[in-house]
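Enquirer: Here's a structure for you.
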Amino acid sequence: MKSTERSLSQSVWDFFCSLRLTMTLLIGLAVVSIIGTVIPQAPSVPEEYIRSLSQTKLQLYDKLGFFDMYHSWWFIMLLYLLTINLIACSIKRLPHIWRIITQPTLVMDETFEKTLANSAVITTTGSPDQVRAQVATFLQNEFATPRQTEDNGLWTLFAQKAPWSRLAVYIVHLSVIVIFIGAIIGSLFGFKGYVNILEGSSVDSVMTRANEQVNLGFSVFLEKFSVANYPNGAPKEFKSILTVQENGQPVPGYNQVPVIVNDPLSYKGIVFYQSSYGKAGEHEFVISDPDGKNPQSMVISNNGSAKFPDGSGISLLESTKDIGTFQPGLKGAAAQMEVHLPGGESKKFVVYANHPELNRQNLPYTGGKLMSYKGGDERMYTGLQVAKDPGVWVVWLGCLLMVIGIYVAFLISHRRIWVRIESDHVVIGGNASKHPTAFQTDFERLAAKLKSHLATEGK
């Protein structure tokens with residue numbers, strides 16, 4: 001029974017220590033990250049994209065969490081498995097590497113010499129003690145301070161450089177774990193939400209992705225919103241002027257702060273990113289008979305909709321206070337509408353405030369009713385993404401550790417040199433943990449220098 005339990009536990013341990021598991025998890029994370037790039041993520045999934053999906057595909061995507069993939073249970077499970085895998089691999093391999101660093105092989109006998117990638121024999125003329133002193137001085141000046149060990153009457157001098165570089169891979173492992181910890185801290189104690197603020201108004205709470213209301217502990221007031229456009233009318237830059245208030249008073253240093261894309265406002269660990277904008281308000285229309293009798297008021301909110309008496313629906317697309325900007329020769333306010341006829345057909349038309357003769361042209365679209373525009377109370381609003389992530393500094397620490405670990409892992413190697421003193425010659429050997437070709441060139445140069453040094457000292 002104990003043997004069976006040991007076999008099962010060993011199998012589980014070997015599974016989590018497997019390099020194959022590491023590669024599988026990394027490939028899996030890469031593939032699902034591509035999915036998260038291709039499929040729009042919450043909370044900014046376009047309505048057009050939703051309508052383009054079939055009902056079956058929409059339900060499948062929703063159940064698999066594709067619209068909020070980076071918070072789905074299976075994506076988090078992959079991260080947990082990778083974390084366990086990294087910890088298990090480190091625990092399994094670290095003791096061996098630690099022994100290499102702290103308990104290096106100090107004696108180079110003939111058997112160990114054959115395992116080295118680089119070796120050379122140099123003839124000497126002095127006594128072994130003199131040669132040993134000369135080699136020690138040479139290694140001290142040209143490579144590193146040597147450690148001298150005697151074995152069966154023969155002396156071996158051992159010197160090494162950058163033994164700690166072997167720990168670089170574990171620094172990378174640690175950095176990944178630290179980044180995961182930072183992400184977990186952010187998910188547990190932070191939030192991401194969205195809020196719209198009308199010009200001249202303030203908010204003190206936001207709605208998260210999970211439709212939970214979070215109280216900010218202060219309020220944000222929108223002083224003004226402005227949009228700069230290119231000559232073709234496309235938005236060039238949109239900017240919010242925000243003021244942070246506490247107890248109804250502006251906070252010093254946070255009064256009328258401009259916020260644009262990639263230049264957010266941060267206060268008490270909560271960051272406000274410029275995300276979108278639009279117009280809000282209500283617009284009044286009058287519906288009457290073609291001769292102007294039986295007028296009825298119709299109020300439609302900005303980007304809202306209503307219904308005509310015949311059942312057809314009508315939507316407000318956009319409005320302007322001066323139609324002459326778009327149609328020279330006309331004046332006054334106007335609104336662009338879209339009517340949805342019972343047969344499924346839709347038509348777009350313009351309703352004017354000061355041109356009833358033009359409004360009569362819309363009778364086929366308005367169910368035979370005369371529709372005129374009275375204007376509206378319209379204000380701009382700004383859409384802000386709001387995020388609080390107390391784990392962000394932990395993530396940055398993990399990124400710093402990763403950069404250091406990758407730099408050391410790829411560019412710095414553990415280099416070792418052994419020199420065995422014989423009666424009429426010395427044997428020099430060496431190896432490196434990485435970059436063997438470069439080390440071979442350095443080793444040959446070092447052996448040539450040692451040969452010249454011993455010849456000079458001997459004379």
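Enquirer: For the chain, take the longest principal axis of its alpha carbons; what is the angle in degrees between that and the long axis of helix 436-458, to the nearest 10 within 0 to 90?
Expert: Result, in degrees: 30.
Enquirer: Normalising by the residue count of the chain, find the relative contact order in percent from Cα pairs under 8 Å and 6+ residues apart. Intermediate values should be presented prior to the final figure.
Expert: Numbers: 783 pairs, mean separation 92.8, N = 459.
Normalised by residue count, the contact order of the chain is 20 percent.
Enquirer: Report the semi-axes of the equivalent ellipsoid for the range 111-151 in whole Å, largest first, where each axis is √(5λ) for an eigenvalue λ of the Cα gyration tensor.
Expert: Semi-axes (√(5λ), whole Å): 19, 15, 12.
Enquirer: Same structure, new question: In straight Cα distance, which lysines are under 26 Å from Lys63, not counting same-chain residues fewer than 8 positions off?
Expert: Correct list for Lys63: Lys192.
Enquirer: Sticking with this structure for a sec: Could you tell me how many degrees, from 0 to 90 and to the nearest 10, lie between the Cα long axis of helix 128-142 and the main elongation axis, the longest principal axis, of the Cα atoms of the chain?
Expert: 20
Enquirer: Would you list which aspartates and glutamates come within 17 Å of Lys293, measuring only between C-alpha atoms, while excluding same-chain residues fewer than 8 positions from it?
Expert: Leaving aside aspartates and glutamates fewer than 8 places away in the same chain, those within reach of Lys293 are Glu357.
Enquirer: Is any residue of the range 253-284 close enough, with backbone N under 18 Å, to a label point placed 7 angstrom from the Cα of Glu223 along the Cα-Cβ axis, and if so, which?
Expert: 253-261, 263-267, 272-274
Enquirer: Tell me the angle of helix 55-64 to the major Cα principal axis of the chain, expressed in degrees between 0 and 90 and rounded to the nearest ten.
Expert: For helix 55-64, the angle is close to 40 degrees.
Enquirer: Right, next: If packing is taken as the average count of other Cβ atoms within 10 Å, what order do 192-200, 150-158 fall into, highest mean first?
Expert: Per-residue Cβ counts within 10 Å, averaged per peptide and sorted highest first, yield 192-200, 150-158.
Enquirer: Where Rh is the Kirkwood radius over the Cα pairs of the chain, the temperature 25 °C and the viscosity 0.890 mPa s, what D in µm²/s does Stokes-Einstein return?
Expert: Once the numbers are plugged in, D ends up at 82 µm²/s.
Enquirer: How much net charge surrounds Lys348 when only the other residues with a Cβ under 13 Å from the Cβ of Lys348 are counted, with Lys and Arg +1 and Asp and Glu -1?
Expert: Computed value for this residue: -2.
Enquirer: Starting from 0 in steps of 5 Å, tell me what percent of the Cα-Cα pairs of the range 36-179 lands in each bin.
Expert: Taking all Cα pairs of the range 36-179, the binned fractions are 2, 7, 11, 12, 10, 7, 7, 7, 6, 5, 5, 5, 5, 5, 4, 2, 1, 1, 0 percent.
Enquirer: Right, next: For the range 175-327, with every protein chain kept in place, what is the accessible area per residue (1.4 Å probe, Å²)?
Expert: Per-residue value: 56 Å².
Enquirer: What is the projected area of the convex hull of the Cα atoms of the range 205-285, averaged over all directions, in nm²?
Expert: On the way: hull surface 32.9 nm².
Taking a quarter of the hull surface, the average projection is 8.2 nm².
Enquirer: Viscosity 0.890 mPa s, temperature 25 °C: what is the translational diffusion coefficient of the range 191-333 from Stokes-Einstein with a Kirkwood Rh over Cα pairs, rounded to a whole number of µm²/s?
Expert: 133
Enquirer: May I pose another question? Cα convex hull of the range 262-409: how many Å³ per residue?
Expert: Cα convex hull per residue, to the nearest whole number: 198 Å³.
Enquirer: Near Lys449, which lysines are there with a Cα under 19 Å away, not counting those fewer than 8 places off in the same chain?
Expert: Cross-link targets: Lys161, Lys459.
Enquirer: Can you flag which of Lys307/Lys369; Lys239/Lys279; Lys279/Lys388 are past 22 Å Cα-Cα?
Expert: Lys279/Lys388, as the Cα separations exceed 22 Å there.
The values are calculated or read from the model by the stated rules, or taken from the named source; none is laboratory data. Remember, it's a predicted structure, so these values are computed and weren't measured experimentally. Positions of Cβ are generated from backbone atoms using ideal geometry, with glycine treated the same way; all protein chains shown enter the neighbour counts. Heavy atoms of the whole protein, side chains included, go into the accessibility calculation; ligands, DNA and RNA do not. Shrake-Rupley method; radii C 1.70, N 1.55, O 1.52, S 1.80 Å.
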